[in-house]
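In what follows, a structure is listed as structure tokens, so that the remarks can point back to it.
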């Protein structure tokens, strides 16, 4: 791995963790695309999973008093089931497909809330969110906008939303690490992964970014929080669709 790529990954880890610390999902979307630009798909999935596991886990710890653990429990059970099913299917997306999915996922935030009366605070819907979000996470690398659909109609505060979503995503990223990481632990697959020292540097940077994001969150109102999240992820999605089109046109 070259030094410029390593610096790019480290900077992305900090910046996207801070972004997620404020909005709860935008950072993961940006980080997945950044990693896919410089790493093979499977390595990008595992690297994203490790960094986001730390960022989300640390965010859940920082805001642990706001976590709804009943939601997290149902989500974790469904994540396990989704991970097993995708693992049995042995599915690995190509880069054009990955960027296409990354570009389409943000548009879920524009679905009229009246169409779907979903509420993650209800056990059956918490389970459904775990299964669907983890499944999409294993195909596109991220699924924050889909997860958000299960939270937009809840009566939770912005702190509870960020904290609970962070805790649930710990399990989604664990599934991604296991499903895509196992083949990379043997043979030539090891060479696709970044070196261990990069993770040793990126993990504390992710934690620092999460802490910085938490400070910004305190200054954002509930109304602005929801409005800015939608526009940010949509803009990122448009960029990913352009990248997918370029890869397809180039025969990648």
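The values are calculated or read from the model by the stated rules, or taken from the named source; none is laboratory data. None of the values given here were measured: they were computed from a predicted structure. In this analysis, Cβ positions are derived from the backbone assuming ideal geometry, glycine residues included, and neighbour counts consider all displayed protein chains.
Observations, loosely collected:
- Yes/no for residue 57 being within 10 Å of residue 167 (Cα to Cα) and either assigned to a helix (DSSP H, G or I) or under 18 Å from the mean Cα position of the chain (by Cα) (or both): yes
- The listed residue being assigned to a helix (DSSP H, G or I), more than 19 Å from residue 161 (Cβ to Cβ) and out of contact with any helix residue (DSSP H, G or I) (no Cβ under 7 Å at 6 or more places or on another chain), out of 88, 77: 88
- Complete set of residues in region 1-30 that are within 22 Å of residue 197 (Cβ to Cβ) and either outside any helix (DSSP H, G or I) or free of Cβ contacts under 8 Å to residues at least 24 places away in the same chain (or both): 1, 2, 3, 4, 7, 11, 12
- Given (1) over 28 Å from residue 155 (Cβ atoms); (2) at pLDDT 85 or above, number of the condition residue 91 does not satisfy: (2)
- Qualifying residue in region 63-70 (condition: under 18 Å from residue 176 (Cβ atoms) and either at pLDDT 90 or above or in contact with a helix residue (DSSP H, G or I) (Cβ under 8 Å, 6 or more places away or on another chain) (or both)): no
- Unique match (being surrounded by 14 or more Cβ atoms within 10 Å (Cβ to Cβ) and either at pLDDT below 90 or under 17 Å from the mean Cα position of the chain (by Cα) (or both)) among 179, 186: 179
- Test set (1) buried (at least 24 other Cβ atoms within 10 Å of the Cβ); (2) over 15 Å from residue 177 (Cα atoms) - residue 48 fails condition number: (2)
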